[in-house]
Amino acid sequence: MKKTLSILFALALVLSLSLVATTPVAGAERHVPGTYATIQDAINAASAGDTIVVAAGTYVENINIDRRVTLTGAGSGSDPGSNTIITPAVAGTPVVRITATGQSKAERLVLANLRIAGTGVNSEGIKMTSVCSYVTFSNVSSVENGQRGVDAYWSGVAQDVEVVACNFSGNVGHGFLTWDNAAIRGLTITGTHMDRNLFGLALIAPVTGLTITGGSFDGNHGSGTNGVGIWAQYLDQFDDADKLPNLLTGFSADNNKRGVILHTYGPFQITDASANDNLEEGITFNTRATGPGLILIRDVTAINNPKSNLWAIKFGYTEPISLSIQNCTLTGSTGDGFPGWGYGLYLYAAHRPWSDVNIAHCTMKNNTMGVYMRALSAAASITGASILCSSIENNGTGILITDYAAAGNSANFNSISGNTAFGVQNNHASMFDAEDNWWGSDSGPYHSSNTGGTGNAVSDNVDFTPWIRYAVPNTATGTGPVSFSPSAGNILDLTPVAAPGLPSVSFPHGMFSFQICCLTPGQTVDLTVTLPSAVPVGTVWWKYDNGRWYSLPNLDDNGNNIMKIRLTDGGVGDSDEKKDGFITDPGGPGNPMTVGIDGSPVNKAGVMAPWIVLLAAMMAGAGLFVWRRRRAEA
């Protein structure tokens, strides 16, 4: 036993000594002023890993950081970066030059809590001329310089550059610029402002693993093609093994000449962002190279941009493996006339075919064209594109398909209305699937084959039958017209049906078969039903599900001809009981009788058979919708 304890003690001693030997020792802390008269004096005396603390005040000097240290200002108050200010002793030269060598992940080079302001025509705030890996800028302001706020000018690939809560604004040139050879693998920008520059963020060299979270890139203007909020020239132009995901979320690129321009090569996402009120385009994707993975645009607004006949979002020369655009609002300028100028969404395949494009739950309005799909040749076609559950309204043309962009493409379950020229115009010989859309009228779209249609016009080679109707001319009992209006989603397959027998309940208007599509899974919808005549106070909406009758209350129960019922996808009122964005609701108004609204069981012998037929029809309709959706997503 003693021998075992001795061995364990010896092992523990060896382990503790090894930990002491490998654990980095904290660097020294050096103070300016005090021990050192200038910031450069402290840097010259520092070793790698030291921290240089600079007191509040204004320091007139040009400094060169040639070793991996932490340089931090005083750091107090609501804007600690404004307390310690560095301006150049020699005008027209960089205020801070970083030439540190060595790429140690354990010894980051950190600049924090500083305000750097150059003077003179050619001054730069921060200039990095070495391959600067493992660098952090935290709460650094590099503003109002004669040229750039931060200038990355090296040759090679840097690793892991962080920009946190910084302000690179008001510079004559760029806010943050990487030159041709200054590649970065892992650039993280969080809560940072790059406003009122020539370009906000300009990445000319290849970058992979770009992450932008929050912040703003607003008000950047220039002449010619200049004036961009975010510009990435060779985003993700790395070998496949070196690619990292790129994610831009929660930021704004507003009031620039051009909002966001990305030449992207690989997996990429923009979410929860805005590119509004730019003088020209909102967001442009351009590249001629293929790359693996998904390009996803979600919860983005690009409003009031196309004032020069351009676009809110454009994919040009882009060959994505998979492109998904969801929950976006892309609208033109209402201030320059109606409809607005330019394109809401411009899809342009120029070199290779596109086969997986999914547009869903978007709004395109007040544009010359809501959606413009163009493929340059048979070798660069667009097939398998789908537009689902979107609002395409008040444009010149809602959807334009031209050249080689029609075969296998579809637009279903959308609201296409108020477009002055065409709802859908197909200039290709292949048929375009536009079934199950709302065209602004229950009579359907206008076409020579549907001359009674008063909705938006459609061109030839558009399959528009069947279409969505929100009303029926008569109930199953012949009492008159009925209209349906959901607070969200679209009504599909609205059909009056005879009510199965239910003891002690009267159905003066019969019942109705319908579905509500295009919902967020689990979403609750208020459905307003306008009946041909008033119903007594206490009338409820009766349904039969899973072996029992139950009723839903009328939320507008005042004795008029309006009923409002609340339905939840996968919950109350949804017969399929699945949270799939689709409500199946056969039901109808029944006068109050003796069966309670708590789902009390009743004799099913007289009611089962007709409801089985009705529910089978409903599930068939739901199956058709799911088939369409899966086909679009395949």
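Sorting the segments 172-183, 408-419 by their mean number of nearby beta carbons within 10 angstrom, highest to lowest, gives 408-419, 172-183. Computed from backbone phi, the HN-Hα couplings of region 176-189 come to 9, 10, 10, 7, 3, 9, 8, 6, 9, 10, x, 10, 10, 10 Hz, rounded to whole numbers (Karplus: 6.51 cos²θ - 1.76 cosθ + 1.60, θ = phi - 60°; Gly and Pro given as x). Over 27 Å apart at the Cα level, from the set Lys314/Lys578; Lys314/Lys579; Lys543/Lys578; Lys257/Lys314; Lys243/Lys365; Lys105/Lys257, are Lys314/Lys578; Lys314/Lys579; Lys243/Lys365; Lys105/Lys257. Each semi-axis of the equivalent ellipsoid for region 416-485 is √(5λ) with λ an eigenvalue of the Cα gyration tensor; in descending order they amount to 26, 11, 10 Å. From largest to smallest, the equivalent ellipsoid semi-axes obtained for region 362-519 from the alpha-carbon gyration tensor read 35, 15, 14 Å. The local environment of Thr208, defined by Cβ-Cβ distances under 9 Å, has a net charge of 0 under the rule Lys, Arg +1 and Asp, Glu -1. Counting neighbouring Cβ atoms within 10 Å and putting the fewest first, the residues Cys166, Cys328 line up as Cys328, Cys166.
Distances between placed amide hydrogens fall under 5 Å for Leu210 paired with Leu187, Leu247, all partners being 5 or more residues away or on another chain. One chain, two ends: Ser449 and Asp242. Fully extended at 0.36 nm per residue, the span grows by 68.9 nm beyond their Cα-Cα distance. Each label point was placed 7 Å from the Cα along the Cα-to-Cβ direction; for Thr465 and Asn560 their separation is 3.8 nm. Shape call for region 86-232 from the C-alpha gyration tensor, a ≥ b ≥ c root eigenvalues: rounded (a/c under 1.5), prolate (a/b greater than b/c) or oblate? The shape class here is rounded. Using the Cβ-Cβ distance between His31 and Leu279 with R0 set to 60 Å, the FRET efficiency from 1/(1 + (r/R0)^6) comes to roughly 0.80. Using the beta-carbon distance between Ala498 and Thr420 and R0 = 56 Å, what value does 1/(1 + (r/R0)^6) give for FRET efficiency, to the nearest 0.05? Plugging the Cβ-Cβ distance into 1/(1 + (r/R0)^6) gives 0.85. Multiplying the residue separation of Asp299 and Asp526 by 0.36 nm and subtracting their alpha-carbon distance yields 79.4 nm.
Could you work out the local net charge near Asp195, counting Lys and Arg as +1, Asp and Glu as -1, over the other residues with Cβ closer than 12 Å to its Cβ? Around Asp195, the surrounding residues sum to -2. Shown for Tyr372, Tyr234: other C-beta atoms within 10 Å of each C-beta, ranked fewest to most, produce the order Tyr234, Tyr372. Neighbours of Asp50, meaning other residues whose beta-carbon lies under 12 angstrom from its beta-carbon, give a summed charge of +1 when Lys and Arg score +1 and Asp and Glu score -1. Dipole of region 117-463 computed with +1 at Lys/Arg Cβ and -1 at Asp/Glu Cβ about the Cα centre; of Met128, Trp354, Phe315, farthest Cα towards the positive end is Met128.
Placing R0 at 45 angstrom, the Cβ-Cβ distance between Ser533 and Ser430 gives a FRET efficiency of 0.40 after rounding to 0.05.
Between Ser104 and Asn122, the distance separating the two model label sites (each 7 Å from Cα on the Cα→Cβ line) works out to 3.5 nm. Remark: spin-label model distance His351-Val172 equals 3.7 nm, labels positioned 7 Å along the Cα→Cβ axis. In order along region 163-170, the Karplus-derived 3J(HN,Hα) couplings, from 6.51 cos²θ - 1.76 cosθ + 1.60 at θ = phi - 60°, round to 10, 10, 6, 9, 9, 10, 10, x Hz, and Gly and Pro are given as x.
Less than 5 angstrom separates the built amide H of Asn62 from those of Ala89, Val90, all sequence-distant by 5 or more or on a different chain. Across region 117-463, Cα pairs under 8 Å and at least six residues apart give a relative contact order of 8 percent.
Readers should treat all values here as calculations from the given coordinates under stated rules, not as data from a laboratory. Bear in mind that the values here come from a model prediction, so they are computed numbers and not experimental data. Every residue, glycine among them, receives a Cβ derived from its backbone with ideal geometry; neighbour counts consider all protein chains shown.
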